[in-house]
Amino acid sequence: MKPIANGSTIGILGGGQLGRYLVMAAKHLGYPTIVLDPDPTCPAGQVGAKLLVGAYDDPKLLQQLSERCAVVTYEFENVPTNAIQQLISSGTLVRPGPRALEVAQNRVQEKTWCRYLGIPTAPFYPVNNHDDFIQSIHNLGCPILFKTVSGGYDGKGQRLLRDMSESEAVWSDLGAGVVPLVAEGWVAFTLEVAIIVARSADGDVTYFPVVQNVHERGILDLTVAPAPVDDELRRMAEDYAGRLAHALDLVGILAVEFFVDPEGRLLVNEMAPRPHNSGHYTLEGTSLSQFEQQIRAVTGLPLAEPTLLHPTAMVNLLGHLWGDTEGALPLERALAIPGAHVYLYGKAKPRVGRKMGHITVVAATSDLAVERALQARRGVDLNEEP
Ligand code: AMP
């Protein structure tokens with residue numbers, strides 16, 4: 001199959017930071033982009049994409065994407081399925097296709113696919129009514145995590161039930177009985193790791209290095225590449241991610257997040273058929289970025305085998321760093337640190353928990369990269385300003 005010719009336009013649903021770096025990667029390879037996002041000031045709209053402002057399922061805007069784009073991709077998985085259906089039924093190539101998207105939108109489907117493919121997950125139980133809720137607690141025991149089946153991200157739509165006394169509060173807080181939930185057994189993980197797999201339309205797959213992720217209150221805080229895992233665990237992560245990519249008929253990239261449990265087993269937590277926050281480090285750390293690999297995959301260009309160039313650490317810059325101001329971050333101290341790269345996404349309002357930017361540090365060892373990344377973040381923290 002011939003690749004989509006450079007000069008053709010790529011459509012992107014979603015204009016956040018992931019869309020921003022997709023736009024830039026597309027531009028490097030000679031593809032103009034059109035981004036659809038409800039926010040006229042979105043990060044991807046500031047780096048040279050044409051912007052369509054409106055709802056993701058606005059039929060007129062989708063029609064424009066169809067007419068003007070050779071392929072449409074997306075930067076977040078909660079794209080309305082009717083939007084994808086409209087694009088496909090008007091003959092537009094959507095990559096990754098609807099199967100990967102539907103599975104990633106639904107935590108029960110994700111785990112069911114894993115189970116079907118023989119890939120371990122945390123024990124789980126779908127909860128559609130109060131009987132299921134009580135039964136899940138009996139089956140899985142406390143502590144137990146309840147998550148909304150769809151729509152949750154960055155720890156939103158989740159509640160931990162520590163003991164039965166909290167059960168009715170958890171039940172009502174999550175809108176249970178109205179919104180489908182999944183109950184998950186608590187995993188006393190020793191490590192969280194992730195991998196990004198890319199798959200071409202011809203079925204070729206390549207893997208980015210396995211990274212370690214550290215979350216704070218459900219939000220990614222730190223990524224370390226490479227993860228401190230042995231070859232056997234790395235191969236297992238590749239095997240699981242590859243099986244998922246083939247089964248989902250993926251054309252694009254898929255990020256798979258895992259727990260390493262106390263027995264050293266890998267359990268899939270969740271997956272996303274799009275660039276991922278834990279892949280930001282690939283802008284410096286690997287021989288090509290996750291964003292370029294996504295563009296290569298969706299346009300039918302050959303995939304490259306990513307290699308790690310140097311140990312790398314990435315820390316997110318969340319809104320609380322701005323304190324109670326909306327002022328400019330002081331970058332001088334961070335940028336004075338060897339190997340440090342600062343990215344700001346151009347978001348006007350720094351809200352607590354909002355991803356505003358990130359810092360990547362490359363260094364001779366992972367420990368040094370982590371130490372310097374944390375130091376760089378302290379350097380930009382307005383709360384720590386004298
Ligand atoms: P998620 O939105 O499912 O990725 O969850 C966000 C974070 O919450 C994960 O990266 C873990 O740190 C934690 N978490 C989620 N599910 C579990 C679980 N079943 N057991 C222990 N920790 C969990």
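Being free of Cβ contacts under 8 Å to residues at least 60 places away in the same chain and within 15 Å of the ligand (Cβ to nearest atom) is the filter here; which residues of the stretch 171-184 pass it?
Within the stretch 171-184, LEU174, LEU181, ALA183 qualify.
Taking into account only those residues within the stretch 185-210 that are within 14 Å of the ligand (Cβ to nearest atom) and not β-branched (Val, Ile, Thr), which is surrounded by the fewest Cβ atoms within 10 Å (Cβ to Cβ)?
So the residue we want is ALA188.
So that you can scan it fast, the table gives a plain yes or no per residue for (1) among the acidic types (Asp, Glu); (2) out of contact with any Lys or Arg (no Cβ under 6 Å at 6 or more places or on another chain); (3) within 26 Å of TYR153 (Cα to Cα):
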{"position": "ALA340", "(1), (2), (3)": "no, yes, no"}
{"position": "VAL362", "(1), (2), (3)": "no, yes, no"}
{"position": "GLU371", "(1), (2), (3)": "yes, yes, no"}
{"position": "ASP381", "(1), (2), (3)": "yes, yes, yes"}
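What number goes with the only condition from (1) in contact (Cβ under 8 Å) with a residue 60 or more places away in the chain; (2) farther than 18 Å from HIS280 by Cα that SER366 does not pass?
(2)
Looking at VAL298, VAL342, which one is closer than 27 Å to ASP39 by Cα, hydrophobic (A, V, I, L, M, F, W, C) and touching a Leu at 6+ places or on another chain (Cβ under 6 Å)?
Of the residues listed, the single one that is closer than 27 Å to ASP39 by Cα, hydrophobic (A, V, I, L, M, F, W, C) and touching a Leu at 6+ places or on another chain (Cβ under 6 Å) is VAL342.
With open to solvent by 40 Å² or more (accessible area, probe 1.4 Å), touching a helix residue (DSSP H, G or I) at 6+ places or on another chain (Cβ under 6 Å) and modelled with pLDDT of 95 or more as the only criterion, which of GLN86, GLN17 stands out?
GLN86
Mind checking which residues of the stretch 112-131 are under 21 Å from ASN269 (Cβ atoms), part of a helix (DSSP H, G or I) and more than 14 Å from the ligand (Cβ to nearest atom)?
Let us first name the residues in the stretch 112-131 that are under 21 Å from ASN269 (Cβ atoms), namely 112-127.
Still in the list and also part of a helix (DSSP H, G or I): 112-116.
If the condition is that a residue be under 21 Å from ASN269 (Cβ atoms), part of a helix (DSSP H, G or I) and more than 14 Å from the ligand (Cβ to nearest atom), then THR112, TRP113, ARG115, TYR116 are the ones that fit.
Might you check whether a residue that is within 16 Å of the ligand (Cβ to nearest atom), under 14 Å from ARG99 (Cα atoms) and open to solvent by 10 Å² or more (accessible area, probe 1.4 Å) occurs anywhere in the stretch 253-263?
No, the stretch 253-263 contains no residue that is within 16 Å of the ligand (Cβ to nearest atom), under 14 Å from ARG99 (Cα atoms) and open to solvent by 10 Å² or more (accessible area, probe 1.4 Å).
Being within 15 Å of the ligand (Cβ to nearest atom) and aliphatic (A, V, I, L, M) narrows it down to one of MET271, MET236, so name that one.
It is MET271.
Looking only at the stretch 285-305, filter to residues that are more than 21 Å from LEU93 (Cβ to Cβ) and under 18 Å from the mean Cα position of the chain (by Cα); which one of those is surrounded by the fewest Cβ atoms within 10 Å (Cβ to Cβ)? Working first, answer last.
Going through the stretch 285-305, the residues more than 21 Å from LEU93 (Cβ to Cβ) turn out to be 285-289, 304-305.
Still in the list and also under 18 Å from the mean Cα position of the chain (by Cα): 285-286, 288-289.
On the way: GLY285: 28, THR286: 24, LEU288: 20, SER289: 24.
This residue is LEU288.
Does the stretch 327-362 hold any residues that are farther than 14 Å from ASP221 by Cα and touching a His at 6+ places or on another chain (Cβ under 7 Å), and which are they?
TYR343, VAL362
Could we say that PHE208 is closer than 21 Å to GLY152 by Cβ and among the aromatic types (Phe, Trp, Tyr) here?
Against the criterion (closer than 21 Å to GLY152 by Cβ and among the aromatic types (Phe, Trp, Tyr)), PHE208 does not qualify.
Restricting to the stretch 144-169, and then to whatever is among the aliphatic types (A, V, I, L, M) and away from the ligand (no atom under 11 Å from the Cβ), can you tell me which residue is farthest from ALA122 (Cα to Cα)?
Among those that are among the aliphatic types (A, V, I, L, M) and away from the ligand (no atom under 11 Å from the Cβ), it is ALA169.
Every residue in the stretch 144-170 that is in contact (Cβ under 8 Å) with a residue 12 or more places away in the chain, part of a helix (DSSP H, G or I) and open to solvent by 40 Å² or more (accessible area, probe 1.4 Å), please.
Matches in the stretch 144-170: MET164 only.
The values are calculated or read from the model by the stated rules, or taken from the named source; none is laboratory data. Note that the structure is a prediction, hence the values are computed from the model and not measured. With ideal geometry, Cβ positions are generated from the backbone for all residues, glycine too; neighbour counts draw on all protein chains shown. Note: areas computed on protein heavy atoms with side chains; ligands, DNA, RNA excluded. Shrake-Rupley method; radii C 1.70, N 1.55, O 1.52, S 1.80 Å.
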